[in-house]
Amino acid sequence: MRKLFYFLIVMLAAFALPAHADEYRLGVGDVVHITVYDHPDLLVDAAQIDEDGKIAVPLLGSVQIAGLTASAAQKRIAQGLESGGFIVKPNVNLVVKEYRSKLISILGQVNKPGKYALESTSTITDLLAQAGGISSLGSDTVVLVHKNGNQLEQTKIDTLSLFNDGQLAMNSTIHGGDIIYVPRAEVFYIYGEVQHPGSFRLQKDMNLMQAIAMGGGITLRGTERGAQIRRKDKDGKTITLPATEDTQILPDDVVYIKESLF
């Protein structure tokens, strides 16, 4: 099921953005390559946009291109060459060689955590796909941290709802400086008279019978009657609760299945 989910993440990342999605806007630190057709002497090779958002172009000097798309920057340079009387109808081509102005961090339970450059308009699923997807230990709920002025805003995104419930609006657009954090998946524990005692990934709205099933079922000596759950209360103290078939299992619950007396 989880393999299918990550396949869907990759597919959504590939097709979520329409062809007319906003182009990448150049920023300070980006490295660009500029050529002018039939004028090799005007080559600008692997030049970095400076702190003022400018790039040095032969014949023109410093040209402001930060904040422009590549096509708009090409047009600005071409207009400068033509209006200055240097070239008639120049054909300018600008390519971004390295994206350095807009970096985001992907942390936690992903296969390839680290810093990633935003090379175009990107969404949560785009970046999760770049990071190799959520690992087997990762939660289905992702935390997006976005800086809004001096405030940090945290948004929890249920990635399964992107597909199961069609809530594509939750597939947020990512901005430079954002942090995507994938926490460890919530677990529960089951021991006693079950076939495979241990810790297991907690599924949404899981009840006692589903928990027992994940533990491989009850042994020949066991019974679900008298099952108990050990749980932390709001004060952090461990309490013991009786459990029936429909009792909901919560994160970090410890389920105990007793031996039958008969």
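The values are calculated or read from the model by the stated rules, or taken from the named source; none is laboratory data. Bear in mind the structure is a predicted one, so any value in this text is a computation, not a measurement. Cβ sites come from the backbone with ideal geometry, for glycine too, and all protein chains shown count toward neighbours. Heads up: the accessible areas ignore ligands, DNA and RNA and are worked out on the full protein's heavy atoms, side chains in. Shrake-Rupley method; radii C 1.70, N 1.55, O 1.52, S 1.80 Å.
Brief remarks on what is shown
- Pairs, first open to solvent by less than 40 Å² (accessible area, probe 1.4 Å) in the stretch 42-69, second acidic (D, E) and not in a strand (DSSP E or B), C-beta under 7 Å, six or more apart: I49/D30; T69/E23
- Restricting attention to the stretch 141-150, the residues that are at pLDDT 90 or above and not aliphatic (A, V, I, L, M) add up to 2.
- Check on G108, surrounded by fewer than 18 Cβ atoms within 10 Å (Cβ to Cβ) and either at positive phi or without any contact (Cβ under 8 Å) to a residue 12 or more places away in the chain (or both): no
- Tally of residues being of a type in the set (S, T, Y) and open to solvent by less than 50 Å² (accessible area, probe 1.4 Å) across the stretch 156-192: 3
- For Q79, the conditions (1) open to solvent by 20 Å² or more (accessible area, probe 1.4 Å); (2) more than 27 Å from T173 (Cβ to Cβ); (3) assigned to a strand (DSSP E or B) all hold with the exception of (3).
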